[in-house]
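Below is one structure, written out as structure tokens; comments come after it.
The values are calculated or read from the model by the stated rules, or taken from the named source; none is laboratory data. Source: prediction; values computed, not measured. Quick reminder, even Gly has a Cβ in these numbers, built from the backbone with ideal geometry, and neighbours come from all protein chains shown. Surface accessibility is based on the protein's heavy atoms, side chains included, excluding ligands, DNA and RNA. Shrake-Rupley method; radii C 1.70, N 1.55, O 1.52, S 1.80 Å.
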Amino acid sequence: MIIRYSYRNPDTIKSPLRNGGNGVAKHLIQSVAMKMEKRRFCMAIRYKVLFLGFLLLSFPACTSVTEHVKPYASKEAELPRRVAVLPFVNKTSNPEASVTVQKMFYNFFSSLSYQDREPFQVDSILKKSGLYKKIASGEDVSSKEIGSVLDVDAVVYGEVTSFGKIFAVVYTDYHAGLKAKMVDCKTGNLIWQNHNTAHQRDVSIPTNPIGLAAAVAEKLILLNMRQRDDIKVTAFLCMEMIETIPNPPEIAASGPRIQVLVHNGADKLLKPGESLKVVMVGEPGHIASWDMLPLIKDMPMNEKEPGTYIGDYTIKPDDKLFSGTLVGYLKSKEGDKSRWVDILGTVSMGKPTPLPQEISTDLVLTSGKSPYLVDETLLVMPQAKLIIEAGTVLWCKDIGIVVQGGIVAKGTREKPIRFMNIDSEPWKGIIIDQSKGDNIFSHCEVHNAQNGIRARASIVRMDNCLFQNNTMGIYFEEGAAIIMKSLIRGSQEIGIHALKGEITIKDSTISENELGGILLDSAKANINNNNIYNNGQWELKGEGTGISGNITNNWWGSTDIANIRVIGAVEIEPILKETIKMF
């Protein structure tokens, strides 16, 4: 069947590599000088201070909650004492969804009168017992077994049903959905259950701090523009669900209430001499501190104004940490303590290992010397190969990595290789220009680049990779690309753009890319057994001449052909009836 989709047909996307000829490396290096002055100006105006506590207070007016089931709660006399919030199952295309929603849910749940266990303790015990992966993947594990391992009376199961953006005709809907239940570990009886989805359309929200937050504004960048809507809608969802949970009589004295914990260390590398600044807002007149284990323990915070607690930590030369999580504590003079697990993002710190601007012989990067700093550019010459071992982290700026020889980056599920952005402006990305060598990416993550991978006249193979929050996820011109079991999401423009050449995409998910999912421009494509849905204006667009291949057995977000947003004369049947499993 030929599907022609003309609704909201955007103009043709022009290739950033069409003017190739002499290769992209020289052009990119020459552009750095012009970019530097622009970057200085952007740095001065880019960041707006957003106070999360204030936003949460103003948020409900523009948010709605869909209740999927009527909440159930058992009688007060049957309520347990000790409760653990288990790892949530992720049913979305966002790999961070389950952790983010679980942390937010726990933060509000901890305000109830149960004796709860901190998430990192729960996770650690479950991993040692071999139960963590089973629970996180949704396998049926008895509450009695879990309760015995964790030494609790009840557990909270959770399943994140939606998280992120839904692209509609005239608006973007930020959403978060959670199905949760509390179960008695001894009897297996249901204590509480609920299933809600919170929605927030893309409307104007106040962003200027007022009152108490104004004192903090000069000291701290709290949130970036991209992540604030997901966090707010998640917070509103969890607040609404917590209100339906039966709260037992005071089993033990509750700690002082915490409203929010924020910091300036999310999604960046803090180097020696720089400061990690932390702000917590809660009930006034108490003792505040924070941890970031295993590096930092019981770091005190000062109450600068009533209820506003501020602390900072200067990174030491020997400090080294990747993916640290902040936990804030507020303790009364009587010793009762409450806690808040950070949901803004993990913290990285340490002295990076610098890399040369040019590699003329084979070079191996190891996790032991990680993180590495790619300052301005790293050019792999035609006769050289860059080999990156599992667990290595590269912080990149300016041009990034230009490969004319070869690159082999093989991580593992437990130890992925991460390409991160160290600057406020997106880095150029991994550029593979007329490479004659091997270009292999396995279990790699590429974040916040102009192009996650941008290749011309080269052969590139990828499996189990994550391309997230880039301007363009993956771009190929000529050559060949093989993409297997990978996730391409959150691109500001297109998820995958193939110009000429041949591309194979299998067992992957392409979702939440703001302009479109896949653009085929005079390319041969074999696209099978993928999730291609919930992209901005179209899921797949074919243009140019000579489009051929096999584009069948994919999930397009619907089983109704009339609702599948495909542009061009492209055969897509048969279609899958449900999503393929990614996590």
So for region 401-555, using the alpha carbon gyration tensor with a ≥ b ≥ c as root eigenvalues (a/c under 1.5 gives rounded; past that, a/b versus b/c decides prolate or oblate), I'd call it rounded
Can you compute the FRET efficiency between S142 and K337 using 1/(1 + (r/R0)^6), with r the Cβ-Cβ distance and R0 = 22 Å? Round to the nearest 0.05. 0.10
Under the classification rounded if a/c is under 1.5, otherwise prolate if a/b is larger than b/c and oblate if not, where does region 363-409 fall, given a ≥ b ≥ c as square roots of the Cα gyration tensor eigenvalues? oblate
Interchain or sequence-distant (5+) residues whose placed amide H lies within less than 5 Å of the amide H of V408 are L386, I387, I388, I440
Whenever you get a sec, compute what percent of the accessible area on region 252-361 sits on carbon and sulfur atoms (1.4 Å probe). 49 percent
Sorted by packing (mean other beta-carbon atoms within 10 Å per residue), highest first, where do 187-195, 369-377 land? 369-377, 187-195
For M381 and E573, compute 0.36 nm times the residue count separating them, minus their Cα-Cα distance, and round to one decimal in nm. 64.7 nm
Cα gyration tensor shape of region 436-498, rounded if a/c is under 1.5, else prolate or oblate by comparing a/b with b/c: oblate
Most packed first (mean Cβ within 10 Å per residue), the peptides 424-437, 271-284 order as 424-437, 271-284
Contour minus end-to-end for S64 and D423, with contour as 0.36 nm per residue of separation and end-to-end as the Cα-Cα distance? 125.7 nm
Over what distance in Å are the Cα centres of region 407-470 and region 81-109 separated? 29 Å
Any idea of the accessible area per residue across region 454-583, 1.4 Å probe, to the nearest Å²? 32 Å²
Modelled label reach - D438, point 7 Å along Cα→Cβ, region 337-362 residues with backbone N closer than 14 Å: 362
Sorted by mean Cβ packing within 10 Å, highest first, what order do the peptides 443-449, 416-422, 549-555, 356-362 take? 443-449, 416-422, 549-555, 356-362
